[in-house]
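K.L.:
Below you'll find the structure I mean.
The values are calculated or read from the model by the stated rules, or taken from the named source; none is laboratory data. Here the structure is a predicted model, which means the values were calculated and not measured. Positions of Cβ are backbone-derived with ideal geometry, glycine not excepted, and every protein chain shown enters the neighbour counts. In case anyone asks, the SASA skips ligands and DNA or RNA and just uses the protein heavy atoms, side chains included. Shrake-Rupley method; radii C 1.70, N 1.55, O 1.52, S 1.80 Å.
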Amino acid sequence: MDKQNETATVSDCSGFSYFKRLFDLTEPAVMGVLNVTPDSFSDGGRHLAIDSAVGRGLEMAEQGAIFIDVGGESTRPGAAPVATDEELARVIPVIEALKRQTTALISIDTSSAKVMEEAYSSGADLINDVRALRQHEALEVCAKLPIPVCLMHMQGEPGSMQDNPSYENVTNQVLYYLKERIKVCERAGINKNRLIIDPGFGFGKSLAHNLSLLKNLREFKQIGVPLLVGMSRKRMIGEVLEKPVEQRMVGSVAVAVIAAMNGASIIRVHDVAETVEAIKMTQAVIEAK
Ligand code: 9MG
């Protein structure tokens with residue numbers, strides 16, 4: 001199949017599409033997190049960092065991740081921006097190597113139009129943008145690329161988003177934002193049937209905001225596009241369980257199950273093997289009479 005000549009669709013389950021042939025979103029899928037940032041490796045050497053990232057990506061694919069989300073710029077609270085050339089140098093070799101060695105779908109976690117374009121040329125199957133295509137030329141570039149795009153909600157920017165997040169009604173405001181971004185995408189020529197939405201847990205949200213969004217997650221299904229969530233190891237879990245980041249696996253699996261029960265189609269996680277097993281169990285219950 002020539003990827004260039006197909007318009008991908010994730011929400012039109014009846015239509016023919018390159019994306020649907022690769023993957024059917026009728027069951028929740030696990031997306032493995034693959035950060036290719038200096039702080040995600042203990043050594044610091046570029047080659048070793050790339051080799052380690054590819055190894056980890058292949059391991060997650062073996063463990064059942066349908067998507068591998070490759071990111072070269074940290075979006076953690078307080079994170080500093082990375083120059084485009086540096087971001088490209090981190091992610092492109094990893095995408096190319098993964099495409100040669102696995103059939104898992106490759107997602108590129110970026111807000112940069114240039115990185116989106118280059119990642120697509122290197123084989124990326126999905127664009128994951130925490131800034132929902134608000135950066136320069138991201139809309140125009142995505143209008144030309146025939147692959148799905150995930151639009152995430154974020155209040156503020158990573159450098160300062162956790163300073164004092166505030167909402168009158170977090171669910172309604174996040175819903176409104178995502179609906180508006182879909183309209184903007186449609187006006188730019190990006191069909192709704194290749195969009196995915198994400199409420200953006202931890203991105204400019206307090207613990208109370210995150211818990212409220214999770215409790216009301218079903219409301220996001222009204223938009224009529226697949227729902228992606230990422231809560232894995234985040235501060236919201238640490239705050240409830242009073243545990244450091246390396247002890248948040250059980251809490252992360254618990255919220256993944258809640259999300260799957262409430263309509264999430266893609267669940268972005270670090271602990272792939274554990275989440276795949278938990279989601280399989282959850283799906284069996286969802287399908288029960
Ligand atoms: C890159 N990244 C970090 N957290 C994320 C989340 O919750 N959702 C999405 N789509 N991307 C995320």
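K.L.:
For the range 236-274 and the range 51-84, write down the distance between their C-alpha centroids in whole Å.
P.N.:
Centre-to-centre distance over Cα atoms comes out at 17 Å.
K.L.:
Give the cross-link partners of Lys205 among the lysines, using a straight C-alpha distance below 18 Å as the criterion and excluding same-chain residues fewer than 8 apart.
P.N.:
Lys215, Lys234
K.L.:
Apply the Karplus parameterisation 6.51 cos²θ - 1.76 cosθ + 1.60, with θ equal to phi minus 60°, to every residue of the range 225-236 and state each ³J(HN,Hα) to the nearest whole Hz, in sequence, with x for glycine and proline.
P.N.:
10, x, 10, 10, 9, x, 10, 3, 6, 6, 4, 4
K.L.:
Ordered by residue, what ³J(HN,Hα) values in Hz, to whole numbers, does the range 169-181 give under the Karplus form 6.51 cos²θ - 1.76 cosθ + 1.60, where θ = phi - 60° and Gly and Pro are x?
P.N.:
Residue by residue, the range 169-181 yields 9, 4, 5, 5, 5, 5, 4, 4, 4, 5, 5, 5, 5 Hz.
K.L.:
Measure off 7 Å from each Cα along the Cα-to-Cβ vector at Ser166 and Lys192, then give the distance between these two points in nanometres to one decimal.
P.N.:
That separation, rounded to one decimal, is 3.3 nm.
K.L.:
While we're looking at this one, here's another question. Apply the a/c threshold of 1.5 to the C-alpha gyration tensor of the range 182-289 and tell me whether it is rounded, prolate or oblate.
P.N.:
The shape class here is oblate.
K.L.:
A further question on this structure: Among Gly230, Asn216, Leu98, which residue has its Cα furthest toward the positive end of the charge dipole of the chain, with +1 on Lys/Arg Cβ and -1 on Asp/Glu Cβ?
P.N.:
Asn216
K.L.:
Let me ask something else. What does the highest-first list of 123-129, 218-224 look like by mean Cβ count within 10 Å?
P.N.:
123-129, 218-224
K.L.:
In nanometres, what is the gap between the two model label sites at Ser121 and Leu241, each 7 Å from Cα along Cα-to-Cβ?
P.N.:
Between Ser121 and Leu241, the label points sit 4.3 nm apart.
K.L.:
A follow-up question, please. What FRET efficiency, computed as 1/(1 + (r/R0)^6) with R0 = 30 Å and r the Cβ-Cβ distance, is obtained for Tyr176 and Gln63, rounded to the nearest 0.05?
P.N.:
About 0.25, to the nearest 0.05.
K.L.:
Here's something else I'd like to know. Given +1 on the Cβ of Lys and Arg, -1 on the Cβ of Asp and Glu, and no further charges, what dipole in debye does the chain carry about its Cα centre, rounded to the nearest 20?
P.N.:
Roughly 760 debye, rounded to the nearest 20.
K.L.:
Under the rule of at least 5 residues apart or a separate chain, name every residue whose amide H is placed under 5 Å from the amide H of Phe201.
P.N.:
Gly230
K.L.:
Given labels modelled 7 Å from the Cα in the Cβ direction, how far is it in nm from Ile286 to Val250?
P.N.:
Each label point is offset 7 Å from its Cα along the Cβ direction, giving 2.5 nm.
K.L.:
Let me ask you something else. Where the only charges are on Cβ atoms (+1 Lys, Arg; -1 Asp, Glu), what is the dipole of the range 132-289 about its Cα centre, to the nearest 20 debye?
P.N.:
About 420 debye.
K.L.:
Right, next: Each residue of the range 72-80 in order: what ³J(HN,Hα) in whole Hz does its phi give by Karplus 6.51 cos²θ - 1.76 cosθ + 1.60, θ = phi - 60°, with x for Gly and Pro?
P.N.:
Once θ is set to phi - 60°, the couplings for the range 72-80 become x, 10, 5, 10, 4, x, x, 5, 8 Hz.
K.L.:
Right, another one. For the chain, which whole-number percentage of the solvent-accessible area (1.4 Å probe, protein heavy atoms only) is attributable to carbon and sulfur atoms?
P.N.:
50
K.L.:
By the gyration tensor of its Cα atoms, with a ≥ b ≥ c the square roots of the eigenvalues, what is the shape of the range 25-287: rounded for a/c under 1.5, prolate for a/b over b/c, or oblate?
P.N.:
Taking the square roots of the gyration eigenvalues as a ≥ b ≥ c, the range 25-287 is rounded.
K.L.:
Now for a separate question. Hey, what's the chain come to in accessible area per residue, 1.4 Å probe, Å²?
P.N.:
Heavy-atom SASA per residue in the chain reads 45 Å².
K.L.:
Based on the alpha-carbon gyration tensor of the range 128-241 and its eigenvalue square roots a ≥ b ≥ c, which shape applies: rounded if a/c is under 1.5, prolate if not and a/b is larger than b/c, or oblate?
P.N.:
prolate
K.L.:
Search the structure for amide H atoms under 5 Å from the amide H of Val130, placed 1.01 Å from N in the peptide plane, and list their residues when 5 or more places away or on another chain.
P.N.:
For Val130, whose amide H was placed from the backbone, the distant partners under 5 Å are Thr110.
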